[in-house]
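In what follows, a single structure is set out as structure tokens and then discussed.
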Amino acid sequence: METVISFIIIFGALVFFHEFGHFLFAKRAGILVREFAIGMGPKILGITKGETLYTLRLLPIGGYVRMAGEDMDTIQLQAGHRIGVLLNKEGQAKKIIMNQKHVYPEILFLEVEEADLEKELWIKGYDEDEKLVRIDVARDAVVEENGRETILAPYDRQFDSKTVGKRFMTIFAGPLFNFILAFLIFTALGMMQGIPTFEPVITEVTEESPAAEAGMQNGDLVTEIEGNSIGTWDELVESVQNNAGNPLEFEVERNGEALNFTITPEISEQSPDQIGVIGVLYQSPVEKDFLGSFVYGAEQTVFWFKEIFRLLGMLVTGQFTIDALSGPVGIYKTTEEVAKYGFFTLMSWAGMLSINLGIMNLLPLPALDGGRLMFFILEAVRGKPVDRQKEGMVHFVGIMLLMLLMIVVTWNDIQKYFF
């Protein structure tokens, strides 16, 4: 149960921040956001606030922000349609009823002659006296069809009406907010558990090791090796590993006193590379530093950003196969293992996952955010948009291929962890 709760919280937070990025920048661009959804599939809970429906859906495999003008969202009235119209105090249509199922007082019935519900916002039609009338439509009018209400979206509130820059930022904001979330997580880790100093302090000396035989003790701070200043644990490790079998002069600080030891690194039995070891263990000391926590958060975000790109490069060059990829099942099982090491380790895992989600979405693949961004770049270069039907077909093929990849990866995860 702890694993299930951890997975839901982590995955929910990653999806929420991703979609919140899209949502926030869409609002800033003046785009009407119809739905903000966490999860996919059947709706569990829905709350309407303002012009947006906020939903929680059954399957925790993603989320979406549905914006006006996307996916055949536009509402059209054809000649011959019979509709009901409710007017506001200014005589504008505030509600347009199609396929009427409810009885409204003071309703005006029209047989549509022509209409413009996007730019000029008007309806022409014949009333019950067969008189041709023209009615202006309010910008915030509602269209009701089969009991379902949809807010009218004038063209200037639709996604496609915005400049290339605003559309680009609306889509890019999703991955961007995943990187911001990772930065906040790593910064919070620095504040709560402290910032690793990476000082070359010996945490534990292994019995009967070269370090123990020379007299080194727990808590010793290594300051020099062979006269060379040692400032970090990595510098200590590099000096030892590169000198298997060679005596080294160590200078350490113990309780404010400088001591010298001669230690000969022995060849590690666990490595085929003939590296030297002296038999000491390390756990980085930490320090509390409020401002330093922000630096630590940025450093960790950049580190994992580079690391994930390095792994992507290995996948592209064939250094590991598709079997090494993990889907939701693999992420769940890894979360189960990570949770055993405590809350802080789980937070670090969440930060890494957030960066991974952001990078994956920026890949220039159809149906992903990166694929859509490529079309915006192409539009900016050409000076005109790509035909929407052609773009839609590319994204449709991309979705099918991604679904196939997800099935393959999930099947591999099931075989790996359950069989």
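Quick look at the numbers
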item	result
FRET efficiency, 1/(1 + (r/R0)^6) with R0 25 Å, evaluated for Ile308 and Val408 via beta carbons	0.75
Segment 326-419: C-alpha gyration tensor shape, a/c 1.5 cut-off, then a/b vs b/c	oblate
Angle between the chain longest axis and helix 369-382 axis [Cα atoms, degrees, rounded to 10]	70
Accessible area of segment 1-137 belonging to carbon and sulfur atoms, whole % at 1.4 Å probe	55
Size of charge dipole - segment 218-306 - debye, nearest 20, with Cβ of Lys, Arg +1 and Asp, Glu -1, no other charges	320
Simple label model, 7 Å out from Cα along Cβ direction - Ala298 to Arg254, nm	4.1
Lys/Arg +1, Asp/Glu -1 at C-beta; the chain dipole; positive extreme among Gly165, Leu291, Val142	Val142
Distance in nm between pseudo-label sites at Asn228 and Val286 (7 Å out along the Cβ direction from Cα)	3.1
Acute angle (nearest 10 degrees) that the helix 343-362 long axis makes with the longest principal axis of the chain, alpha-carbon atoms	50
Globularity index of segment 247-301, i.e. its alpha-carbon radius of gyration over 2.2 N^0.38 Å	1.71
Extension gain, Val394 back to Ile44 (0.36 nm per residue minus Cα-Cα distance, nm)	122.9 nm
Spatially proximal lysines relative to Lys89 (Cα-Cα < 23 Å; intrachain offsets below 8 disregarded)	Lys119, Lys124, Lys131
Nearest-0.05 FRET efficiency for Glu199 and Asn88, computed from C-beta distance (R0 60 Å)	0.25
Rg/Rh for segment 79-175, where both radii come from Cα atoms and Rh is the Kirkwood radius	1.09
Mean residue ellipticity (222 nm) of the chain, computed from DSSP H runs ≥ 4 via -39,500 (n - 2.57), nearest 500	-14500 deg cm²/dmol
Cβ-based net charge around Leu221, under 9 Å, with every Lys or Arg adding one and every Asp or Glu removing one	-2
Computed FRET value (nearest 0.05) for Asn246 with Thr317, which takes r as the C-beta separation and R₀ as 35 Å	0.45
Point-charge dipole on Cβ atoms (K/R +1, D/E -1) for the chain, about Cα centre, debye to 20	2460
Relative pair counts by distance (%), Cα atoms of segment 8-60, 5 Å bins	5, 19, 27, 27, 16, 6, 0
At 0.692 mPa s and 37 °C, Stokes D of segment 1-154 from Kirkwood alpha-carbon radius, µm² per second	186
Nitroxide proxy distance, nm - points 7 Å out along Cα→Cβ at Leu58 and Lys416	2.8
Whole-percent carbon and sulfur share, accessible surface of segment 261-405, 1.4 Å	66
Dipole magnitude of segment 285-419, debye to nearest 20 (Cβ charges: Lys/Arg +1, Asp/Glu -1, about Cα centre)	340
Proximal aspartates and glutamates relative to Lys95, as straight alpha-carbon distance under 13 Å, when same-chain residues fewer than 8 apart are discounted	Glu106, Asp136, Asp140, Glu144, Glu145, Glu149
Per residue, in Å², the accessible surface of the chain once ligands and nucleic acids are set aside, probe 1.4 Å	58
Principal-axis tilt of helix 388-418 within the chain, Cα atoms, nearest 10 degrees	40
Per-selection metrics, the chain (Cα): Rg and Dmax in Å	31.0, 108
Gyration tensor (alpha-carbon) shape descriptor, segment 193-242, a/c threshold 1.5	oblate
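The values are calculated or read from the model by the stated rules, or taken from the named source; none is laboratory data. The model shown is predicted, which means the values in this text are computed figures rather than measured ones. Methodologically, a virtual Cβ is constructed for each residue, glycine included, from the backbone with ideal geometry; neighbour enumeration extends over all protein chains shown. Side chains included, ligands, DNA and RNA excluded: accessible areas come from the protein's heavy atoms. Shrake-Rupley method; radii C 1.70, N 1.55, O 1.52, S 1.80 Å.
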